[in-house]
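None of the figures in this text is laboratory data; all of them are computed from the coordinates on show. What you see is a predicted model, and the numbers here were worked out from it, not measured in a lab. Cβ atoms come from the backbone with ideal geometry, glycine included; neighbour counts cover every protein chain shown.
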Amino acid sequence: MANKPAFIKELSLPAIAAPMFLISGPQLVIECCKNGIVGTFPALNQRTSEGFEEWLVEIKTELEKFEKETGKKPAPFGVNLIVHATNPRLEADVKLCVKHKVPIIITSLGAVSTVVDAIHSYGGIVFHDIIKKRHAEKAAEAGVDGLILVAAGAGGHAGTINPMTLVAEIKKIFHKNIILSGCISTGRDIASAMQMGADLAYMGTRFINTEESKASPEYRKMIIEAGASDVVYTASISGVHANFLGASLKAAGITEEDLKKDTKIDFGKELDTEAKAWKTIWSAGQGSALIDNNPPVSELVTSLKNEFKKAIQEQIKLLDTYPK
């Protein structure tokens, strides 16, 4: 377990509830951490740095209260930072993360050593999103503690490489933490991620359909009704390739021609404008095909744990089926 942070062994399940734009808020994060998995949210889910700090204080206060009242140590929480030249809030939000000593930082769209150093200054951990080997190499040079491999079929800003190949390729060049993302909806999926060589599973879409998420009833319903082929991969919405529910694109009047257009990445534009688009154009991964309910986080984590254990036990039995 060299280079592996201690918190991984203390989780109830090797999983991170991924930060989702407009969907992840304090309530979802807190409930995930209380139930033993890492809860996260994007800093930009709050429209201002002042609001972002309010959420940090709320989460820390509730988790400290939980530990004091129950004697149980909650899982650490994390914040997603967009490390892109057009994000005008990056510097201010990094300072707030340092001030409040956010345990885990997830960086996207840029791995910068100065950000990593700032987080390391208080003992924080940095995980970075990648979709290909070249991105992994740059992130490794920046000194990140782990890589989130966003494989084909993942919700949000996803890649196109098969998870088996992506994990194997990255593990050849990176020997710290590997977190796998892409179509992970069940406990069996988490077990599969571990067998492929990941240290943690990264789950987004599955947590959209929880009682504590900020998703609308219509969004949740669309995910339940969606199959894998109903997810559309396009860069036309934000300038970065991402997976969206085809039905939401159609409802918003997005045509096939629109999906072929290039959109320039610019996080400096009015955040409310970006948020308005994502409120009606809904992202989800192909794992939505396995989602058919809207449980509270506590119930979902219990179910995932049972499925995970059952899958591992079944794999152990295979050793008897295929003896030496």
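Let's see if you can work this out: charge +1 on each Lys and Arg Cβ, -1 on each Asp and Glu Cβ, no other charges. What is the dipole magnitude of the chain about its Cα centre, in debye to the nearest 20?
In total the dipole reaches around 780 debye.
For the range 157-201 and the range 91-118, compute the distance between their C-alpha centroids and round to whole Å.
About 24 Å separates the Cα centre of the range 157-201 from the one of the range 91-118.
Counting other beta carbons within 10 Å of each Cβ, put 258, 189, 230 in order, fewest first.
Result, fewest neighbours first: 258, 230, 189.
Can you tell me what share of the DSSP beta bridges in the chain is antiparallel? A percent to the nearest 5 is fine. Before the final figure, lay out the partial values.
Values: 6 of 37 bridges.
Close to 15 percent.
Kindly provide the Kirkwood hydrodynamic radius of the range 1-98 in Å, to one decimal, from all pairs of distinct alpha carbon atoms.
When all Cα pairs of the range 1-98 are included, the Kirkwood radius is 14.1 Å.
Sum -39500 (n - 2.57) across every DSSP H segment of at least 4 residues in the chain, then divide by the residue count to get the 222 nm mean residue ellipticity, nearest 500.
Counting only the DSSP helices, I get -13000 deg cm²/dmol.
Which residues in the range 182-206 have a backbone N closer than 18 Å to a point placed 7 Å from the Cα of residue 306 along the Cα-to-Cβ line?
Only 185-191 fall inside the zone, counting backbone N under 18 Å.
Over all distinct Cα pairs, what is the inverse of the mean 1/r for the range 215-256, reported as the Kirkwood hydrodynamic radius in Å?
10.9
Just want the ordering: 282, 55, from fewest to most Cβ atoms lying within 10 Å of their own Cβ.
Fewest-to-most ranking of 282, 55: 55, 282.
May I ask for the equivalent-ellipsoid semi-axes of the range 57-204, computed as the square root of five times each C-alpha gyration tensor eigenvalue and listed largest first in whole Å?
Equivalent-ellipsoid dimensions as semi-axes: 26, 21, 13 Å.
For the chain, just list the percent of Cα-Cα distances falling in each 20 Å bin from zero outward, please.
33, 61, 6, 0
Where is the GNM fluctuation largest for the chain (alpha-carbon springs, 10 angstrom cutoff): 202, 122, 233?
Greatest mean-square fluctuation among the candidates belongs to 122.
Take the chain, connect every pair of alpha-carbon atoms lying under 10 Å apart with a spring to form a Gaussian network, then pick out the residue of 111, 252, 193 with the largest mean-square fluctuation.
252
Take 145, 93 and order them by how many other Cβ atoms sit within 10 Å, fewest up front.
Working: 145 20, 93 24.
The fewest-first ordering by Cβ neighbours comes to 145, 93.
In this model, which of 34/72; 34/305; 132/171; 9/34; 95/133 are farther than 20 Å apart at the alpha-carbon?
Numbers: 34/72 8 Å; 34/305 15 Å; 132/171 12 Å; 9/34 16 Å; 95/133 30 Å.
The pairs that break the limit, which is 20 Å between Cα atoms, are 95/133.
Any idea which of 304, 288, 315 is furthest toward the positive side of the dipole for the range 280-324, if Lys and Arg beta-carbons carry +1 and Asp and Glu beta-carbons -1?
315
Tell me, rounded to the nearest percent, the portion of alpha carbon pairs in the range 62-106 spaced more than 18 Å apart.
So the portion of pairs separated by more than 18 Å is 42 percent.
In Å, what is the Rg of the alpha-carbon atoms in the range 165-207, and how long is Dmax?
That works out to 10.3, 31 Å for Rg and Dmax.
Apply 1/(1 + (r/R0)^6) to the Cβ-Cβ distance of residue 169 and residue 65, taking R0 = 41 Å, and write down the FRET efficiency to the nearest 0.05.
Efficiency at R0 = 41 Å is approximately 0.40.
Could you sort 205-216, 61-72, 296-307 so that the peptide with the highest average Cβ count within 10 Å comes first and the rest follow in order?
In decreasing order of mean packing, 205-216, 61-72, 296-307 become 205-216, 296-307, 61-72.
Report the relative contact order of the chain, percent, no decimals, based on alpha-carbon pairs under 8 angstrom and at least 6 residues apart.
Normalised by residue count, the contact order of the chain is 18 percent.
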